[in-house]
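The values are calculated or read from the model by the stated rules, or taken from the named source; none is laboratory data. Remember, it's a predicted structure, so these values are computed and weren't measured experimentally. So basically every Cβ, Gly included, is an ideal-geometry build from the backbone, and we count neighbours across all protein chains shown. Only protein heavy atoms, including side chains, enter the accessible area calculation; ligands, DNA and RNA are left aside. Shrake-Rupley method; radii C 1.70, N 1.55, O 1.52, S 1.80 Å.
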Amino acid sequence: MAEVVHMIDSEVFLAFSTYATIAVLKMMLMSLMTSYFRLTKQVFSNLEDTALVKTTEDRKKLVRVDPDVERVRRCHLNDLENIVPFVVIGLLYALTGPDLSMALLHFRVFVGSRFIHTVAYMMALPQPTRALAFGVGLFITFSMAYRVLTTALFL
Amino acid sequence: MAEVVHMIDSEVFLAFSTYATIAVLKMMLMSLMTSYFRLTKQVFSNLEDTALVKTTEDRKKLVRVDPDVERVRRCHLNDLENIVPFVVIGLLYALTGPDLSMALLHFRVFVGSRFIHTVAYMMALPQPTRALAFGVGLFITFSMAYRVLTTALFL
Amino acid sequence: MAEVVHMIDSEVFLAFSTYATIAVLKMMLMSLMTSYFRLTKQVFSNLEDTALVKTTEDRKKLVRVDPDVERVRRCHLNDLENIVPFVVIGLLYALTGPDLSMALLHFRVFVGSRFIHTVAYMMALPQPTRALAFGVGLFITFSMAYRVLTTALFL
């Protein structure tokens, strides 16, 4: 228990704050990308949203599904499924007082893997690019979880 | 680094705890609203769930998609995509030691914007009501992220 | 305000770290389960992903929707909608300095209810098994939120 010390003003915690914020901002950009595709391609989920664009078409026809928009949405959901666990476990990991160099390695590789994942998803790069990026991110989070559980286990 | 001080028993942290809890509770209400619509409209995703209602219809026909249920679910997903980033970045923001008045301004405007967003979504209010509520929430989170990155940047 | 004390190296916080990590790891396993079903059943969302399996079929036909994969995905989304609120509110709850026995009761019942929820969802157990597991998890989170708001309320 003594190993779980106050680390909130440590360099590890600053590094965590920085990389967690970058990862979450990246995730939020998917919202803006979805809005951009919806407005430029005129593809909406709600009838009232069609008022956001000028169109000569029947507005009801704009409530439809588009493969590009669905691709962005899948990428966004994948971010939620992976970046949120990183943030939660990364916060607890940062509080276990790891070496700064090890912590930075985890944070940098994770954030890098998620940027590669997004590029691979958006540009439909040949597999296994995206699968590898996904796997690396997962592995990093598992590695941090391992340290949390071995340091702080209290069942 | 000295600016990232222990703030966990500060008024800013209490305010963060309060508003984060309210925002997350609001998000969880979407689960209950989905259940309510599913039960009253008899619309289910899983065959085993149809046993939850009394019906004279063929149970397989109750496994279907309904526009009202889908609307609640989109609203719920939008909450996940926006309230989770607010909570993560808001926590780090609270730890940077902002002025109480500035912090309260951020938290109150964000939570207000998400309540307006939900009402606008559920009642299908004319746009750009919902788009503005979404944009205000996004802006608040970006503003807090800016402070986190300028105070705690450690790459 | 004095009740919100530094609890980060307390047993309650260690217990929170342990159960939050277990809950998040359980949620991440849904990603792996989705991948497993996609690869073994040859069901994909993206054309480029079909290169991950050997097949004699027309690859475009592998971009399809499968009921088993959709079931895993619904279970995963339900985890996101419930485990993320637990983690956020549980963190704030742990910082309010509850009794260790009460905290352990909350954390254990929540994590147990989510494991039961997943088993009930994956095996399509007769309702109301899954509904009860969902309800118990929701109740635990509401109970922790009640303590956070009554201890730390600052509007």
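Can you compute the modelled spin-label distance between A:Met123 and B:Leu39, with each label point 7 Å from Cα toward Cβ, in nm?
5.0 nm
What average number of partner chain Cβ atoms lie no more than 10 Å from the Cβ of the residues making up A:110-121? Walk me through the numbers before you get to the answer.
Details: counts 0, 0, 0, 0, 0, 0, 0, 0, 0, 0, 1, 2.
Mean partner shielding for this stretch: 0.
Need one number: buried accessible surface between chains C and B, 1.4 Å probe, both sides summed, DNA, RNA and ligands left out, in Å² to 100. Each step should come with its number before you reach the end.
Details: alone 9620 and 9600 Å², together 16110 Å².
The C and B chains share an interface burying roughly 3100 Å².
Per DSSP H run of at least 4 residues, take -39500 (n - 2.57); add these up for the protein assembly as shown, divide by its residues and hand me the 222 nm value, nearest 500 deg cm²/dmol. Let's see the in-between values first.
On the way: 12 runs with 321 residues, N = 465.
Helix-only estimate at 222 nm: -24500 deg cm²/dmol.
How big is D for the protein assembly as shown, in µm² s⁻¹ as a whole number, if Stokes-Einstein is applied with the Kirkwood radius of its Cα pairs at 20 °C and 1.002 mPa s?
Numbers: Rh = 23.0 Å.
This corresponds to a translational diffusion coefficient of 93 µm²/s.
Determine, for each peptide in B:116-129, B:57-70, the mean count of other beta carbons within 10 angstrom over its residues, then list the peptides with the highest first.
Working: B:116-129: 16.7, B:57-70: 12.9.
Ranking, from highest mean packing down: B:116-129, B:57-70.
In debye to the nearest 20, how big a dipole does chain A give about its Cα centre with +1 on each Lys and Arg Cβ and -1 on each Asp and Glu Cβ?
On the way: 15 positive and 13 negative charges, 131 e Å.
Result for chain A is approximately 620 debye, rounded to the nearest 20.
In Å², and per residue, what accessible area does region A:45-155 have when probed at 1.4 Å with the other protein chains present? Provide the component values of the computation, followed by the final result.
Numbers: 4920 Å² over 111 residues.
On a per-residue basis, 44 Å².
Using only the Cα atoms of region B:11-55, what do you get for the radius of gyration and for Dmax, in Å?
So, for region B:11-55, Rg and Dmax equal 16.6, 53 Å respectively.
Using a cut-off of 20 Å between alpha-carbon atoms, which lysines can reach B:Lys60, once sequence neighbours fewer than 8 places away in the same chain are excluded?
Qualifying lysines at Cα under 20 Å: B:Lys41.
Got a sec? Charge dipole of chain A, +1 on Cβ for Lys and Arg, -1 for Asp and Glu; which of A:Phe107, A:Ser143, A:His117 is way out at the positive end?
The listed residue farthest towards the positive side: A:His117.
Counting only protein heavy atoms, what percent of the accessible surface of chain B is carbon or sulfur at a 1.4 Å probe?
On the way: 4270 of 6530 Å².
Summing carbon and sulfur atoms, their accessible area is 65 percent of the total for chain B.
Starting from the exponent 0.38 and prefactor 2.2 Å, build the expected Rg for region A:30-109 from its residue count and divide its actual Cα Rg by it.
1.68
Taking the Cα atoms of chain C, what is the range of coordinates along each of the three principal axes, in descending order and whole Å?
68, 32, 29
Mind pulling the angle between the C-alpha long axis of helix C:129-152 and the longest principal axis of chain C? Nearest 10 degrees, somewhere in 0 to 90.
Computed tilt is about 40 degrees.
Gap in Å between the Cα centre of region B:14-47 and the Cα centre of region A:54-108?
Between the Cα centres of region A:54-108 and region B:14-47 lies a distance of 21 Å.
How high is the relative contact order of chain B, in percent, with contacts defined as C-alpha pairs under 8 Å that are six or more residues apart? Could the numbers behind the result be given before it?
Working: 149 pairs, mean separation 49.4, N = 155.
It comes to 32 percent, rounded to a whole number.
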